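The values are calculated or read from the model by the stated rules, or taken from the named source; none is laboratory data. Model, not experiment: these values are computed from the prediction. Note: ideal-geometry Cβ built from the backbone for every residue, glycine included; neighbour counts use all protein chains shown. Heavy atoms of the whole protein, side chains included, go into the accessibility calculation; ligands, DNA and RNA do not. Shrake-Rupley method; radii C 1.70, N 1.55, O 1.52, S 1.80 Å.
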Amino acid sequence: MTDCIIELCGVTKMYRSKAAVRNANLKIYRGEIVGIIGKNGAGKSTLLKMISGHVYPTSGELHFFNRAAAGEQSFFERMGVLIEQPGLYPNISAYENLKLLAIAYGLSDRETTIEKLLRLVGLDPKNTAKVKSYSMGMKQRLGIAVALLGSPDVLILDEPINGLDPQGIVEIRELILELNATGLTILISSHILEELSKIATKYAIIHQGEFAEVISKEELQQRCEERIEISVEEAREALPVLERELKITQYKVVDSRTVYVYDEHIRIRQIVQELAQHGIMVDSISRHKQSLEQYFLERTESAGERHD
Ligand SMILES: Nc1ncnc2c1ncn2[C@@H]1O[C@H](COP(=O)(O)OP(=O)(O)OP(=O)(O)O)[C@@H](O)[C@H]1O
């Protein structure tokens with residue numbers, strides 16, 4: 001995954017004297033699912049609107065495929081966008097909605113394209129029901145089909161899970177993973193980290209217009225995993241005791257003094273006792289457990305209030 005297709009270089013969007021997004025730096029690689037996480041008003045939509053060309057940055061630069069995007073409309077045409085409610089005609093079917101757009105886009109081979117797209121998002125091309133009778137989840141699927149109509153390289157979804165019931169959330173998640181498996185790069189925003197945790201490969205946490213953190217899926221999993229953190233004088237001396245006496249099989253030596261233990265059955269007291277019996281003094285030991293939401297709240301509360 002070495003192909004950087006979108007790069008934000010110090011991108012800022014001011015609305016009068018207020019920065020909706022400030023100095024955003026981010027690299028998005030082909031095939032990633034990037035979760036933009038932030039509370040209401042954090043700047044998620046503004047960020048996605050800048051990337052999709054709906055809003056111009058006040059300063060900074062956007063690069064697509066390693067070239068500056070300014071003035072290059074063709075770059076923005078390579079993005080499929082679903083921001084806010086999909087603009088659908090309520091009194092016609094899903095198929096007819098897509099047909100109108102396909103005509104407007106001048107697409108050839110419309111019937112096959114539309115049928116394929118509707119099937120891809122899990123809607124029946126033969127369903128003649130009016131879109132106004134659709135559930136939220138079905139409308140969201142159709143919105144995604146609309147976004148995919150121009151065969152984009154990047155799909156941008158602003159809070160697509162908002163307002164969906166649990167079943168709808170699962171279905172949209174599955175759809176996103178299926179689309180990603182076809183090679184599509186996806187940017188998706190949410191105010192709930194947990195909701196994106198099953199799909200995103202990278203997270204950008206945005207707080208009051210600024211990125212509080214950009215973190216990979218693996219890093220996030222590591223930070224939120226449950227473990228016992230043990231600090232001793234010499235980690236390598238503790239390992240035989242952990243393995244032989246305590247039968248610990250899942251552990252990681254983090255540095256010369258620190259070991260993380262992942263076995264769930266083991267208790268802190270047992271570890272301290274056993275190590276002490278073998279003449280190894282524990283400097284510190286604690287159980288580390290942090291939920292995704294706790295992690296997110298810490299990043300978005302500790303940053304403090306901004307003064308414009
Ligand atoms: N067109 C605009 N004019 C003036 N201020 C705006 C405009 N659009 C957004 N803002 C302000 O910029 C800030 C970021 O808004 P934005 O919609 O990007 O946040 P968000 O994270 O998407 O929030 P939400 O989840 O509530 O949609 C907010 O303070 C908002 O009021």
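The table for this structure:
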{"read-out": "Of all residues making up segment 18-40, the number that are outside any strand (DSSP E or B) and either away from the ligand (no atom under 11 Å from the Cβ) or buried (at least 19 other Cβ atoms within 10 Å of the Cβ) (or both)", "value": "4"}
{"read-out": "Where a residue in segment 82-107 is outside the structural domain of Thr46 (by TED's automatic domain parsing) and its partner, wherever it lies, is loosely packed, with under 12 Cβ neighbours inside 10 Å and assigned to a loop (DSSP other than H, G, I, E, B), with Cβ under 6 Å and at least six apart", "value": "Ser93/Thr128"}
{"read-out": "Residue pairs meeting the criteria (Cβ under 7 Å; at least 6 apart or on separate chains; first at positive phi, in segment 151-164; second away from the ligand (no atom under 15 Å from the Cβ))", "value": "Gly163/Met136"}
{"read-out": "Residue that is most open to solvent (accessible area, probe 1.4 Å) [pool: residues in segment 62-120 that are among the acidic types (Asp, Glu) and more than 25 Å from Ser45 (Cα to Cα)]", "value": "Glu111"}
{"read-out": "Test for Gly43: is it of a type in the set (Gly, Ala, Ser), out of contact with any Leu (no Cβ under 9 Å at 6 or more places or on another chain) and within 16 Å of the ligand (Cβ to nearest atom)", "value": "yes"}
{"read-out": "Answer from Thr12, Thr58 - the residue that is open to solvent by 40 Å² or more (accessible area, probe 1.4 Å), among the β-branched types (Val, Ile, Thr) and more than 8 Å from the ligand (Cβ to nearest atom)", "value": "Thr58"}
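Conditions tested, residue by residue: (1) part of a helix (DSSP H, G or I); (2) aliphatic (A, V, I, L, M); (3) touching a residue at least 24 places away in the same chain (Cβ under 8 Å); (4) not assigned by TED's automatic domain parsing to the domain that holds Ile192.
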| site | (1), (2), (3), (4) |
| --- | --- |
| Ala238 | yes, yes, yes, yes |
| Thr249 | no, no, no, yes |
| Glu264 | no, no, yes, yes |
| Tyr295 | yes, no, yes, no |
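Residue by residue, here is whether (1) surrounded by 20 or more Cβ atoms within 10 Å (Cβ to Cβ); (2) small (Gly, Ala, Ser); (3) over 27 Å from Ile6 (Cα atoms) holds:
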| residue | (1), (2), (3) |
| --- | --- |
| Leu193 | yes, no, no |
| Thr201 | no, no, no |
| Gly209 | yes, yes, no |
| Ser216 | no, yes, no |
| Glu226 | no, no, yes |
| Ala238 | yes, yes, yes |
| Val241 | no, no, yes |
